[in-house]
1. Please compute the contact order of the range 32-156 in relative form: average sequence separation of alpha-carbon pairs under 8 Å and at least six residues apart, divided by the residue count, as a percent.
2. In what sequence, highest mean first, do 71-81, 23-33 appear when ranked by Cβ atoms within 10 angstrom?
3. Report the equivalent ellipsoid semi-axes for the range 1-79 in whole Å, largest first, defined as the square roots of five times the eigenvalues of the gyration tensor built from alpha carbon atoms.
4. How big is the C-alpha Rg of the range 43-115 next to the rule-of-thumb value 2.2 N^0.38 Å, as a ratio?
5. Scattering from the C-alpha atoms of the chain alone, worked out with Debye: what is log10 I(q)/I(0) at q = 0.11, 0.12, 0.13 1/Å?
6. If I take all pairs of Cα atoms in the range 106-162, what percentage of them are more than 19 Å from each other?
7. Taking 30 Å as R0, compute the FRET efficiency from the Cβ-Cβ separation of Asn158 and Lys45 and round it to 0.05.
8. Between Gln125 and Lys30, what's the calculated FRET efficiency when r is the beta-carbon distance and R0 is 41 Å? Round to 0.05.
Amino acid sequence: MAGKTLKELFVETLRDIYFAEKQILRALPKMANAAHSDALRAGFKLHREETEEHVARLEKIFAMLDLTPRGKKCEAILGIIEEGKEIMGDFHGTPSLDAGLVSAGQAVEHYEIARYGTLKTWAGQLGLAEARTLLQKTLDEEVATDRKLSELAESDLNRKAA
C-alpha cells in the first residue's frame, strides 16, 4: 500500500511550524506592548529575538533538504494567537492582564514544544542528525521560555491578578 512517507510528514510539519513562528514574530511585540510588568515585557522582547533565531534554524533545515522555506497555514497557531488578542482586549487596563498574557504565551509555547519535540524525533528517525540538533536547541529554548513564564506568574503576576 503506497502512501505518504515520514519524510513528507516531516516536511509538512516543518512548514507548519515555520508559518507558526512567523505569526509569533508578529504577535510578540503586541504582547510586549500590552504587558504592565517590566519583567514580562522584557521576556516577550527576548523571546522575539530567540524566535528570529528559530526561524533561521528552520531555514537551515529547509536548505539541508534542498527546499525553499515556505510556511503552511496553521489554524492551530492562528487560534491560539486570536485567544491572546481577546485576552488583551477583554482585560486591557486590569491587574489580570499580565496573568492572561502569561497564559496566552504559555499556550503558544506548549504548541511549539509539541511540534519541535515531534520534529526532533522524526529527524532522528530519518537520519537527519544536524536537523535533529537544531530542533533540539530550539526545543530547549521553548521549554526554558515556558519555565520562565511559569516563574513570573507564580512569583508575582498571579498574586497581583487575584
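The values are calculated or read from the model by the stated rules, or taken from the named source; none is laboratory data. Note that the coordinates shown come from a computational prediction; the quantities given were computed from them, not determined experimentally. All Cβ positions, glycine included, derive from the backbone under ideal geometry; neighbour counts span all protein chains shown. Keep in mind that these areas ignore ligands, DNA and RNA; they rest on the heavy atoms of the full protein, side chains included. Shrake-Rupley method; radii C 1.70, N 1.55, O 1.52, S 1.80 Å.
1. It rounds to 26 percent for the range 32-156.
2. Put in order of decreasing packing, that is 23-33, 71-81.
3. They are 31, 14, 8 Å, listed from largest to smallest.
4. Scaled against compact globular proteins, the figure is 1.34.
5. Ignoring solvent entirely, the Cα scatterers give -0.46, -0.53, -0.61.
6. The answer is 41 percent, as a whole percent.
7. Result of the calculation: an efficiency of 0.90.
8. 0.65
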